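Input: a single structure, listed below in structure tokens.
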Amino acid sequence: MSRRLPPMNALRAFEAVGRHLSFTRAARELNVTHGALSRQVRLLEEWFGRALFKRGNRRIDLTESGAAYLVEISAALDRITAATTRQFEHHEVRLLQVNALATFTLRWLIPRLSSFQRRHPGVEVRVTTSNTPLHDLRGPYDVAIRGGPDRIPAHVVQKFLSETRIPVCSPKLLEQRPICHPRDLAKHTLLHAATLPEVWSQWLVAARVSNLKPAGSVTLEHFYLTLQAALDGVGVAMGPTALVADDVLAGRLVMPFAEPALPARSYFTYVPNDCAEDPAVRSFCEWLRRISLA
């Protein structure tokens with residue numbers, strides 16, 4: 001006897017939205033766009049021929065039938081999750097070795113890594129950080145994350161995240177000393193990274209204030225240290241837009257200018273040819289590409 005089942009993606013979308021009573025939070029959990037999640041919920045409602053949610057201007061709620069269905073579906077998905085976890089417990093854990101740039105790891109990868117672990121409990125991700133070019137990197141890795149594109153022999157190379165650079169600072173610093181024009185940076189301390197010493201001078205040229213003399217300059221060893229100093233109100237840093245997006249969204253950092261944005265090397269995965277077909281490697285690389293679009 002064949003089972004009459006609705007689309008599984010639509011069920012997952014309904015359960016997440018019903019549990020959170022928020023399309024935004026559910027989309028973030030499932031790493032999909034708000035629009036894609038809304039379409040899946042609509043698909044399920046069309047499959048049933050009835051509404052499962054009551055939609056208001058600023059909030060949603062479950063209909064009576066939607067609430068009853070959520071109880072059953074949540075319990076069913078919990079049982080599927082538990083059964084899947086037990087299956088993984090009976091298999092050897094796959095160790096996935098990832099070597100990534102330090103600032104990228106700290107500012108972008110680590111805050112998102114738990115979502116990969118939830119979806120792939122049978123994969124243990126071991127992350128090491130290094131800015132060493134792959135040609136000189138010692139030690140094994142399944143996936144390396146570097147800027148690019150670079151041609152590395154015997155590797156599969158794929159882009160997953162674009163990048164530009166633009167000044168960022170703390171809201172409190174901006175409130176104390178407003179920045180309305182690039183010339184206003186003369187009243188501020190500029191934060192430099194020893195690994196990228198020319199970034200500020202390049203931006204000042206692009207902003208047509210190449211002769212600007214800042215109130216002070218601080219040079220730190222790594223790029224992530226300049227971002228932490230910016231968060232702490234020490235000065236203005238040149239922020240990689242992808243790596244500061246979470247802080248800007250949360251209001252911890254602000255961008256005084258919308259332009260010019262300096263072009264920067266995008267982020268790429270570099271996978272040795274003999275690892276390219278490994279299921280764990282493919283899952284991780286696909287997850288990177290998917291979550292970078294969220």
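The values are calculated or read from the model by the stated rules, or taken from the named source; none is laboratory data. From a predicted model like this one, the values you see are computed outputs, not experimental measurements. Neighbour counts are summed over all protein chains in view; Cβ atoms, including those assigned to glycine, are modelled from backbone coordinates with ideal geometry. When the accessible area is computed, the model is the full protein with side chains, heavy atoms only, and any ligands, DNA or RNA have been set aside. Shrake-Rupley method; radii C 1.70, N 1.55, O 1.52, S 1.80 Å.
Details
- Rounded, prolate or oblate (a/c below 1.5 giving rounded, otherwise prolate when a/b exceeds b/c) for the chain by Cα gyration tensor: oblate
- The chain: DSSP helices with Cα axial extent of at least 24 Å and average Kyte-Doolittle hydropathy no lower than -1.0: 64-89
- The overall shape of the stretch 49-192 is oblate: from the C-alpha gyration tensor, with semi-axes ordered a ≥ b ≥ c, the ratio a/c is 1.5 or greater and a/b is no larger than b/c.
- Placing pseudo-labels 7 Å out from each Cα toward the beta carbon at Ala82 and Arg58 gives an inter-label distance of 3.9 nm.
- Net charge, Pro133 excluded, C-beta distance under 15 Å - Lys, Arg +1, Asp, Glu -1: +2
- For the stretch 163-168, 3J(HN,Hα) computed residue by residue from phi via the Karplus equation (6.51, -1.76, 1.60; θ = phi - 60°) reads 8, 9, 10, 7, x, 9 Hz, glycine and proline entered as x.
- Gyration tensor (alpha-carbon) shape descriptor, the stretch 108-255, a/c threshold 1.5: prolate
- Note on surface exposure: Cys285, Cys180 rank Cys180, Cys285 by accessible area, highest first, 1.4 Å probe.
- Note on the stretch 120-142 and the stretch 58-78: Cα centroid distance 42 Å, given to the nearest whole angstrom.
- Highest to lowest packing among 239-247, 77-85, scored as the average C-beta count within 10 Å: 239-247, 77-85
- Taking amide hydrogens as placed 1.01 Å from N in the peptide plane, the amide H of His222 sits under 5 Å from those of Ala194, each at least 5 positions away in sequence or on another chain.
- Spatial separation of Cα centroids for the stretch 194-218 and the stretch 224-275, in angstrom: 17 Å
- Stretched out straight at 0.36 nm per residue, the stretch from Thr164 to Asp150 would grow longer than its current Cα-Cα span by 3.3 nm.
- Ligands, DNA and RNA left out, the accessible area of the chain computed with a 1.4 Å probe is 52% carbon and sulfur.
- Sorted on the mean count of surrounding Cβ atoms within 10 Å across their residues, most packed first, peptides 131-139, 109-117 read 109-117, 131-139.
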